[in-house]
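Nothing in this text is a laboratory measurement; each read-out follows from the coordinates by a stated rule. As the structure is a computational prediction, the values presented were derived from the model and not from experiment. Heads up, the Cβs are rebuilt from the backbone with ideal geometry, glycines too, and the neighbour counts pull from every protein chain shown.
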Amino acid sequence: MDIRNHQENSLEQSLRLAADEPAHRPEFFRILLNSPVYVLGSTDAEDGAADLEAGSKVSIAHWEKPDGTSVIPFFSSLQTLQKSIDSEESYLELPARSLFEMTQGTHLFLNPKSPYGKEFFPEEVRNLLSDQVGQKATVRTVEKETKVLLGQPAQYPSKMVQSLTQLLASHRNVKRAFLALMHDTSVDEKPHLIIGIEADGDIELVLREAGNVAGDTAPDGEPVDLYRVSESESGLSDYFLKQTTPFYERKQSSKWRSIFGFGKG
């Protein structure tokens, strides 16, 4: 049965978009942490539908996957929960963040019997609770004395670039983004991809989200480094700015203003 047979809430919509396009996954994680979810279980306060109260003793149901692994199922809406069970069961509504905090170290599964679902492993949950969405970005710093070989990949990572372009377009402070193949002979046995991002102000969030998307879309799961590009620096920044063409460039609204005569006295 298609989950879209009932009216999607914002969490279900973001889950569907994230399943089809990695660029939407950081937004999905943000929405999830700020959404109520539903679990099968009960408290010592009452049976049936129950809300958590401070000091309540909570019993949460576990399901077993085909491989025997135990997981806690949780659901994006009451309708989705009802479609996933065969008999009447009690349930709890609670914030997703609270569920993650009280079940740390346990595998969880969002909407396990629906067309769009997501399994959460303990390390991933810890990263979410510490605001490090998914995989942590590797930020590269290169010493001047290091011998670094730079070039362009023979096999262009089109999917990764497409997803990163969608993500970066949602961050207004990002000016440009570049791609290169780098071989730091003092550290790495073989070359790997590096993404250069030029942005205004603090780009910590951009780097985290870009690292997550790159990790999900890199060819053959290869590592990808991230580097902040600055016109005031030499080295890698100089290579990106002078010898490559950006795969992403922020659109300038000033051109449109001049076309339509805005801002003229």
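A compact table of results
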| item | result |
| --- | --- |
| Computed magnitude of the charge dipole of segment 148-251 (debye, nearest 20; Cβ of K, R +1, Cβ of D, E -1) | 460 |
| Nonlocal amide H pairs with residue 195, under 5 Å, H built at 1.01 Å | 225, 226, 227 |
| Over 18 Å [Cα-Cα, segment 50-122], rounded percent | 39 |
| Cα gyration tensor of segment 148-251 - equivalent ellipsoid semi-axes, whole Å, descending | 20, 17, 12 |
| Too-long pairs where the Cα-Cα distance tops 29 Å, listed order kept, from 57/118; 65/159; 190/242; 118/159; 159/242 | 65/159 |
| Paired Rg and Dmax values of segment 87-132, which use every Cα atom, in angstrom | 11.9, 38 |
| HN-Hα J in Hz across segment 158-164 - Karplus 6.51, -1.76, 1.60, θ = phi - 60°, x for Gly and Pro | 4, 4, 4, 5, 4, 5, 5 |
| Residues residue 126 and residue 245, FRET efficiency given R0 of 41 Å [Cβ-Cβ distance, rounded to 0.05] | 0.60 |
| Cβ-Cβ FRET estimate between residue 104 and residue 170, R0 fixed at 30 Å, reported to 0.05 | 0.50 |
| Kirkwood Rh in Å, taken over all unlike Cα pairs in segment 3-129 | 15.0 |
| Distant-in-sequence amide H partners of residue 248 (H built 1.01 Å from N, under 5 Å) | 177 |
| Zone residues, segment 161-184, relative to residue 27, backbone N less than 18 Å from point 7 Å out along Cα-to-Cβ | 161-174 |
